[in-house]
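Below is one structure, written out as structure tokens; the observations come after it.
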Amino acid sequence: LYPDVNGGELRDKLAEVYGVDKEQVFVGVGSDDVLAVAFMTFFAGDKPILFPDITYSFYDVWADLYNIPYETLSLDEKFRIVNEDYYRENGGIIIPNPNAPTGVEKSIEELEEIINENREQVVIIDEAYIDFGGTSILPLINKYDNLLVVQTFSKSRSAAGARIGMAFGNKRLISYMNDVKFSINSYTMSRLTVAAGVAVLEDEEYFKKTCNKIIATRERVTGELGKLGFAFPESKSNFVFATHKEVPAKELFEALKAEGIYVRWWNKPRIDNYFRITIGTDEEMDALIFFLKNFLSGRN
Ligand code: PMP
């Protein structure tokens, strides 16, 4: 038997856990797949879509691939999204909340204003990192028929290997996404994945425990980093976007890499003196802090 094209039991379980109707749920092979289908479905016009200049690096890749014109809008000096920039003619909007790689969260009130100002366009809020201390905008899908909320099992649900992502939105939006998906490959999710996904959702205790553990480690690590002369915007995600007051990020990135400690560094304007540290286990973070302490004191 083929799997259910709509994700079957997984879709039903998502509807139950997130308190929405089954017809308001779309499932895909990770949120990258969900986002790619959403781009194809909703961003097919001639007007440019809008997203921040510093953001998840796949948005411009999909826009280029699907020939979607786009404009990137500058974050302010504190890496915040400026609302008024999004009150202009456009073919759709995508904003991650919290943003990546900065970890900065935008308030629901501010996001709602952007959604309300753009009632004729689809506004996608990519909530890949929402469970690490952020507030989800999901309840507003019942108020705004142009809002699509995308989430994933890959971060807070510790199941990146299962490849499960989902979108929540108005029934019409979801049915249009299904029309596109069914034109490419209806059976993207196997029966085994559906079963794994249901099991993940049923283990609410593990989900809460791991999220709280990551949040606690993040808070401890940011405290330590602060003492070592690092600065960073407040993170509501499972990473910290840090810069050092004296040592260039590139130098630190290379020294860490030589030690077998991998952080991410982008050779891009505005963020080339920052690097992103993903929150790992306490032991991994201790190794990072231990190395940084020695490296920084040895350098003086
Ligand atoms: N959105 C954002 C903002 C991300 O950082 C990621 C992770 N690379 C994704 C979506 C995609 O994750 P996945 O396909 O594993 O759900």
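The values are calculated or read from the model by the stated rules, or taken from the named source; none is laboratory data. Model, not experiment: these values are computed from the prediction. Neighbour counts run over all protein chains shown; Cβ positions are idealised from the backbone, glycine included. Heads up: the accessible areas ignore ligands, DNA and RNA and are worked out on the full protein's heavy atoms, side chains in. Shrake-Rupley method; radii C 1.70, N 1.55, O 1.52, S 1.80 Å.
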Practice item. Check the straight Cα-Cα distances from Lys213 and name the aspartates and glutamates below 18 Å, setting aside those fewer than 8 residues away within the same chain. Key: Asp131, Asp203, Glu204, Glu205, Glu224, Glu234, Asp282, Glu283, Glu284, Asp286
Revision key, fill the gap. Shape descriptor, the chain: equivalent ellipsoid semi-axes (Cα gyration tensor, sqrt 5λ, whole Å, largest first) stand at 34, 24, 17
Study note, to complete from the structure: Which residues qualify? For Ile49, with a placed amide H closer than 5 Å and at least 5 residues away or on another chain, they are Tyr70, Glu71, Gly91
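For segment 63-138, which trypsin sites (Lys or Arg not before Pro) are in a loop by DSSP, counting at most 16 other Cβ atoms within 10 Å?
Within segment 63-138, the qualifying trypsin sites (Lys or Arg not before Pro) (loop, at most 16 other Cβ atoms within 10 Å) are Lys78, Arg80, Arg88, Arg119.
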**Study point:** Which of Val221, Ile277, Ser190, positive extreme of dipole for segment 163-300 (C-beta unit charges)
**Key:** Ser190
**Study point:** Total formal charge among the other residues, if their Cβ is under 15 angstrom from that of Asn212, Lys/Arg +1 and Asp/Glu -1
**Key:** +2
Study note, to complete from the structure: GNM of the chain, Cα pairs under 10 angstrom: of Val82, Val17, Val27, the biggest fluctuation goes to Val17
Check your understanding: So between Lys257 and Asp21, what do we pick up on full extension, going 0.36 nm a residue minus the alpha carbon distance?
Key -> 80.3 nm
Point to revise | chymotrypsin sites (Phe, Trp or Tyr not before Pro) within segment 134-192, DSSP loop, no more than 14 other Cβ atoms inside 10 Å | key: Tyr187
Revision key, fill the gap. Taking a straight Cα-to-Cα line shorter than 23 Å from Lys209, and setting aside same-chain lysines fewer than 8 residues away, one finds Lys13, Lys155, Lys236
Review point. What FRET efficiency would be calculated for the residue pair Tyr206, Asp60, taking the C-beta separation as r and a Förster radius of 30 Å, to the nearest 0.05?
Key: 0.30
Point to revise | Among beta bridges that DSSP assigns inside the chain, antiparallel share in %, nearest 5 | key: 55 percent
Point to revise | Rounded Å value of the spacing that divides the Cα centres of segment 264-280 and segment 207-257 | key: 11 Å
Review point. Taking the chain as a Gaussian network, where each spring joins two C-alpha atoms under 10 Å apart, which residue of Asn238, Asn146, Asn185 fluctuates the most?
Key: Asn185
Check your understanding: Based on the alpha-carbon gyration tensor of segment 256-300 and its eigenvalue square roots a ≥ b ≥ c, which shape applies: rounded if a/c is under 1.5, prolate if not and a/b is larger than b/c, or oblate?
Key -> oblate
Check your understanding: When the accessible area of segment 30-141 is computed with all protein chains present and a 1.4 Å probe, what percentage of it is carbon and sulfur?
Key -> 45 percent
Check your understanding: Roughly how many debye, to the nearest 20, is the charge dipole of segment 182-300 about its Cα centre, given +1 on each Lys and Arg Cβ, -1 on each Asp and Glu Cβ, and no other charges?
Key -> 420 debye
Revision key, fill the gap. Cα-only Rg/Rh for segment 97-209 with Kirkwood Rh rounds to 0.98
Review point. Which loop-located GluC sites (Glu not before Pro) does segment 110-165 contain, where loop means any DSSP state but H, G, I, E or B and the Cβ has at most 12 other Cβ atoms within 10 Å?
Key: Glu120
Review point. Where in the chain are the DSSP H helices whose alpha-carbon span along the long axis reaches 15 Å or more and whose Kyte-Doolittle mean is at least 0.5?
Key: 30-42, 191-202
**Study point:** Simple Cβ-charge dipole of the chain, Lys/Arg +1 and Asp/Glu -1, about Cα centre, in debye nearest 20
**Key:** 620 debye
Revision key, fill the gap. In the neighbourhood of Val150 defined by beta carbon distances under 13 Å, the net charge of the other residues (Lys, Arg +1; Asp, Glu -1) is -3
Practice item. Given the options Gly169, Gly260, Gly223, state which has the largest fluctuation in a GNM of the chain using a 10 Å cut-off (strictly under) for Cα springs. Key: Gly260
Point to revise | segment 90-151, Cα convex hull volume normalised per residue, Å³ | key: 77 Å³
Practice item. State whether segment 54-162 is rounded, prolate or oblate according to the following rule on the C-alpha gyration tensor (a ≥ b ≥ c being the square roots of its eigenvalues): a/c under 1.5 gives rounded; otherwise a/b larger than b/c gives prolate, and the remaining case gives oblate. Key: rounded
Revision key, fill the gap. Note on segment 134-261: the mean projected area of its alpha-carbon convex hull, in nm², is 11.4 nm²
